[in-house]
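Following: one structure in structure tokens, then a few remarks.
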Amino acid sequence: MQHNQATFEKAIALVKEGLRPYEIARKIDINPSTACTWVKKIKAGHKRIQKRQTDHTNAVYGEWTVIKELDRRPQYGSKANSGETIPNWEVKCSCGYKTEKTGTVLNQIKRKFEASEKGEGKDSWRFHCESNPIHVMPCSIGEKIGDLEVVSFPLNVGQRKRYKTYKGEKPSYTKSGKWFIGCLCNACNKYTAKDPYLVTMKEWRERKDRLKKDKNATCACGCNRSVTHGLCRPQKDGRDQTFTYSMWQNAKKNARRKKVPFDLTPEFVASLKVPEYCPVLGIKIISQPSGEQRNDNTPSIDKFYPDLGYVEGNVQIISWKANALKRDGSPEEWEKIAEWCKKEDIKKRLEGKHPDQQKI
């Protein structure tokens, strides 16, 4: 039999009058055992009747399984000073994660789960923990698409600077951004389980969509995206791609930045061949390993006439130093610089041999 707060308040008044539990039971028409329980609570300071608690033991709500009731804790929020207590339950997620939830929270989860089972729920409702990527990732460990094989879900701690870093329990973006998909690439075998190739959820879905449209589409870490020319495959010296392919990429970026025409292909740049000596300065040209800083002897793609852009017939490979000297000037300007340098007074200043310089 359920009792309301008004009945409980009558019991409080009768206790203050000094009536015994059995007398209270007769006056307000309640069970004597209930009256005994109420008198104990009233004398302990309770001012409100506590609702009957739901027994959640062994209940399953989606991915959550309730294990047992641990203890009772004081009410919180607007009822913090009511003197009431609520049960504290131990729950376990299907991924193995264990935590504690109050009876109030479990009641909310139960109501939502029952509504969801009837088809009345929302897509945003989740009945699992947020501490394991298996609940949000679009793939599972061991799954393969193309040459990529999932081996882990590394936490996003800034491995790729383009993407937001997870810095706490409540990031400002979706929980899916908290992890990467770590993969092995069976095309180049460059990556390991300890140092996997990182893929975002968006990139993974894009690859899957690409394979749905074209079963023969390449899907790897990027090592075989240029199957036609093969210039960006891993090289024997450890580089990710040939140096001519790197030069082609740099030229493409420069063309976009300077807003000049560009129609070069990796194959065309490779056909130019890197000369042994710079045709402008005569210094030896040395191809640098990928990632190393360019120097005077590094080969670079130069435009004969800057405004025409990076197009076939208007480019050559010269040393980085010659390219820096040539840059965007015109032949007339270079001739003026040369004539200026030939002047006796200027020549001495350029060599640091002018009398005025000796006084410094």
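Readers should treat all values here as calculations from the given coordinates under stated rules, not as data from a laboratory. None of these values were measured; they are calculated from a predicted model. Neighbour counts are summed over all protein chains in view; Cβ atoms, including those assigned to glycine, are modelled from backbone coordinates with ideal geometry.
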> Using a basic spin-label model with each label point 7 Å from the Cα along Cα→Cβ, how many nm lie between residue 126 and residue 283?
Replying inline: 5.6 nm
> Once the dipole of the range 1-145 is set up with Lys and Arg at +1 and Asp and Glu at -1 on Cβ about the Cα centre, which of 6, 76, 141 lies farthest towards its positive end?
Replying inline: 6
> How high is the FRET efficiency between residue 193 and residue 213 when r is their beta carbon distance and R₀ equals 45 Å, given to the nearest 0.05?
Replying inline: 0.90
> What distance in nm separates the simple spin-label points at residue 76 and residue 307, each placed 7 Å from Cα in the Cβ direction?
Replying inline: 7.1 nm
> the range 66-115: D in µm²/s via Stokes-Einstein (Kirkwood Rh, Cα pairs, 20 °C, 1.002 mPa s)?
Replying inline: 181 µm²/s
>> Amide H of residue 61 versus every other amide H placed in the peptide plane: which residues, excluding those fewer than 5 positions away on the same chain, fall under 5 Å?
In response: 66
>> Please compute the length gained on full extension between residue 160 and residue 256, using 0.36 nm multiplied by the number of residues separating them and subtracting their Cα-Cα distance.
In response: 32.2 nm
> Given labels modelled 7 Å from the Cα in the Cβ direction, how far is it in nm from residue 65 to residue 351?
Replying inline: 9.0 nm
> With charges set only on the Cβ (+1 for Lys and Arg, -1 for Asp and Glu), what does the dipole of the range 293-338 come to about its Cα centre, in debye to the nearest 20?
Replying inline: 220 debye
>> At R0 = 56 Å, how high is the FRET efficiency between residue 90 and residue 249 if r is their beta carbon distance? Nearest 0.05 is fine.
In response: 0.50
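Anything over 26 Å Cα to Cα? Flag those among 68/112; 178/215; 208/252, in the order listed.
In this structure, 178/215; 208/252 exceed 26 Å between Cα atoms.
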>> If the reach is capped at under 16 angstrom between alpha carbons, list the lysines near residue 47, excluding any in the same chain fewer than eight residues apart.
In response: 10, 16, 79
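Just the number, please: Stokes-Einstein D of the range 243-329 in µm²/s, Kirkwood Rh from C-alpha pairs, 20 °C, 1.002 mPa s.
Details: Rh = 12.9 Å.
Rounded to a whole number, D works out at 166 µm²/s.
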> Gain in length, residue 43 to residue 98, computed as 0.36 nm per residue apart minus the alpha-carbon separation, to one decimal in nm?
Replying inline: 16.0 nm
> Do any GluC sites (Glu not before Pro) in the range 10-80 lie in a DSSP loop with no more than 14 other beta carbon atoms within 10 Å, and if so, which?
Replying inline: 17
